[in-house]
Amino acid sequence: MLTREGYRVRKWGHLPALSKLIENEPIPDRYFGIASTCDNLFNRLPRTAEIVLIVKEHEDRILTKREPKDLAQLCEEVEGLCHELLGAAAFFREHADRMQRLQGQLREQLYRQQEEEKKRPPQ
């Protein structure tokens, strides 16, 4: 069993500066929801990933289905999995873009600070 400290280290250990600033901030409810009946991206993603991997490993078996009723149902279900993955990919792409913008802003601040330090006379 992972201890609370072990989980904290696993989650934040490779991000010490961010950890210092925001480790104890809660994740807004809009991402996880406050109700146990809420099924959102973060609740679905592990299940979807498992199913997609099983589908991938058994594509040949899936493709051998010949009855039109089964093929239509399989087609709809695979399309649904595809939409779930594309939705997750869009979410992560949006947030990756946001992190890149933030990184650029931080680099710009760092550069300005370094330039200001160079201009200061030695003490």
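Each value in this text was obtained by applying a stated rule to the coordinates, not by laboratory testing. Computed from a prediction, not measured in an experiment: that's the story for all the values here. Every residue, glycine among them, receives a Cβ derived from its backbone with ideal geometry; neighbour counts consider all protein chains shown.
Below are the figures for this structure:
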{"item": "Shape call, region 37-78: gyration tensor on alpha carbons, a/c limit 1.5", "result": "oblate"}
{"item": "Computed [θ] at 222 nm, deg cm²/dmol, the chain (DSSP H ≥ 4; -39,500 (n - 2.57); rounded to nearest 500)", "result": "-25000 deg cm²/dmol"}
{"item": "Spin-label model distance (nm) - GLU50 vs GLN73, 7 Å beyond Cα toward Cβ", "result": "2.1 nm"}
{"item": "Dmax and Rg, reported as Rg then Dmax, of region 39-119 (C-alpha, Å)", "result": "22.1, 77"}
{"item": "Whole-Hz couplings from phi, Karplus 6.51/-1.76/1.60, listed for region 114-123; x for Gly and Pro", "result": "5, 5, 5, 5, 5, 7, 5, x, x, 9"}
{"item": "Those lysines that a straight Cα-Cα span of less than 23 Å connects to LYS56, excepting residues fewer than 8 apart in one chain", "result": "LYS65, LYS69"}
